[in-house]
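Asker: Got a structure for you, questions after.
Rule-based calculations on the coordinates, nothing more; no lab input. Here the structure is a predicted model, which is why all the values come from computation and not from measurement. Ideal geometry is used to build each Cβ from the backbone, glycine not excepted, and the neighbour counts take in all protein chains shown.
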Amino acid sequence: MEDDEFIREQTQALFNNLFYSVDIAQDGEIALLKYKKHYETYEKNYDIIVSDIQMPNLDGIALTKEILKLNKEQKIIIISAHNDKKYLIDLINIGVDAFMQKPLSSENMLEVLYKVCSSFESKNIILLQNDYTYNFSLALLFFRNKKVELSENESKLLHLLLKNKNQHFTSIEIFNHLYFDELEKDFSTDSIKSLIKRLRKKTPQSLISNTQNLGYCANY
């Protein structure tokens, strides 16, 4: 929920890459109506609510109170500006889970989302060796709670291997998974080996193994 159209669209674009479904609202009144409608339609609440404090019709504080009346377990993240500090203690006492401060940055946003998601989606977070964790919901790798930067193909490959623990994938199977929609692209064993090598440098040393005639797999 954000009344500034530019910030709302930019944040939605980021969230669309992280979550299966994202709904937006330009003020608290519309947001509350959508919240109730979502439950009526799907018989479940949203996983996370992200709301600005300053909004027309129904501000973030009033909206938070109304939502928590409906669902006291709702995870809520509040976006605050510097001049909103006087409200933060009240919001903490109400039961808000986290805060993000303007101007928003993708790095800060991901860190806050990770912390909130880890509190109720532990089954979707796996612990790897040497302080690494992987969040299946966000499809992100973290080292000591800091996001590890991966290329698109590194991220796809890691997700494939972790999702299919101890299952082996040959180079051609990995290639087909990565480039299934690029029919004209020629298979290259060297390119897959190079990709694996780069990924290994960003993950725990013993995570990805290679068995002759079977292929690559993740062990954790």
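Asker: Sequence-distant or interchain residues sharing an amide H contact under 5 Å with ILE76, placed H: which?
Answerer: Result for ILE76 returns ILE49, ASP97, ALA98.
Asker: Continuing with this model, one more query. Determine the calculated [θ] at 222 nm for the chain from helices alone, applying -39500 (n - 2.57) to every DSSP H run no shorter than 4 residues and normalising by the residue count; nearest 500 deg cm²/dmol.
Answerer: Values: 8 runs with 97 residues, N = 220.
Result for the chain, helices only: -13500 deg cm²/dmol.
Asker: Additional query: Sorting ASP186, ASP84 on the 10 Å Cβ count, fewest up front, what's the list? Walk me through the intermediate numbers first.
Answerer: On the way: ASP186 8, ASP84 19.
Fewest-to-most Cβ neighbours within 10 Å comes out as ASP186, ASP84.
Asker: On to the next question. Counting just the Cα atoms, what span does the chain cover along each of its three principal axes? Round to the nearest Å and put the largest first.
Answerer: Sorted from largest, the Cα extents of the chain read 63, 38, 33 Å.
Asker: May I pose another question? Would you compute the Debye intensity of segment 122-178 from its alpha-carbon atoms alone, equal scatterers and no solvent, and pass along log10 I(q)/I(0) at q = 0.14, 0.24 Å⁻¹ to two decimals?
Answerer: -0.39, -1.02
Asker: Of ASN124, ASN166, LEU150, which is farthest on the positive side of the dipole of segment 123-218, counting Cα position, with +1 on Lys and Arg Cβ, -1 on Asp and Glu Cβ, and the Cα centre as origin?
Answerer: ASN124
Asker: Something else now. Calculate one ³J(HN,Hα) per residue across segment 22-31 by plugging θ = phi - 60° into the Karplus curve 6.51 cos²θ - 1.76 cosθ + 1.60, and present them in order as whole Hz with x for glycine and proline.
Answerer: Computed from phi, the couplings for segment 22-31 are 9, 10, 10, 8, 8, 7, x, 5, 5, 4 Hz.
Asker: Ok, one more. Could you go through segment 61-77 in sequence order and give the Karplus-derived ³J(HN,Hα) for each residue, using 6.51 cos²θ - 1.76 cosθ + 1.60 with θ = phi - 60°, rounded to whole Hz, and x for Gly and Pro?
Answerer: Calculated HN-Hα couplings, in order: 5, 5, 4, 4, 4, 5, 5, 5, 5, 7, 8, 5, 9, 4, 7, 10, 10 Hz.
Asker: Rounded to the nearest whole Å³, what is the per residue volume of the convex hull around the Cα atoms of segment 38-125? It would help to have the intermediate numbers written out before the result.
Answerer: On the way: hull volume 10.1 nm³, N = 88.
Per-residue hull volume (Cα only) is 115 Å³.
Asker: Within the set LYS86/LYS115; LYS102/LYS156; LYS44/LYS75, which residue pairs have Cα atoms separated by over 22 Å? Could the numbers behind the result be given before it?
Answerer: Details: LYS86/LYS115 24 Å; LYS102/LYS156 31 Å; LYS44/LYS75 13 Å.
With Cα atoms farther than 22 Å apart: LYS86/LYS115; LYS102/LYS156.
Asker: Can you sort LEU68, LEU138 from fewest to most other Cβ atoms within 10 Å of each residue's own Cβ? Don't skip to the answer; put the middle values down first.
Answerer: Details: LEU68 16, LEU138 20.
Going from least to most buried by this count: LEU68, LEU138.
Asker: Treating the beta-carbon of each Lys and Arg as +1 and of each Asp and Glu as -1, no other charges, what is the dipole magnitude of the chain about its Cα centre, to the nearest 20 debye? Write out the running numbers ahead of the final one.
Answerer: Working: 27 positive and 31 negative charges, 223 e Å.
Computed charge dipole of the chain: roughly 1060 debye.
Asker: Shifting gears a bit: Only counting other Cβ atoms within 10 Å, I'd like SER80, SER106 sorted with the fewest neighbours first. Don't skip to the end; give the middle numbers.
Answerer: Values: SER80 19, SER106 12.
Ordered by Cβ neighbours within 10 Å, fewest first: SER106, SER80.
Asker: If you don't mind, another one. With θ set to phi - 60° and the Karplus curve 6.51 cos²θ - 1.76 cosθ + 1.60, what are the ³J(HN,Hα) couplings of segment 201-207 in order, to the nearest whole Hz, using x for Gly and Pro?
Answerer: Once θ is set to phi - 60°, the couplings for segment 201-207 become 5, 9, 10, x, 4, 9, 5 Hz.
Asker: OK, next. Find, among the chymotrypsin sites (Phe, Trp or Tyr not before Pro) in segment 180-217, those assigned to loop by DSSP (not H, G, I, E, B) with at most 12 other beta-carbon atoms within 10 angstrom. Could you put the intermediate results ahead of the total?
Answerer: Numbers: sites: PHE180, PHE187, TYR216; in loops: PHE180, PHE187.
Hits after loop and neighbour filter: PHE180, PHE187.
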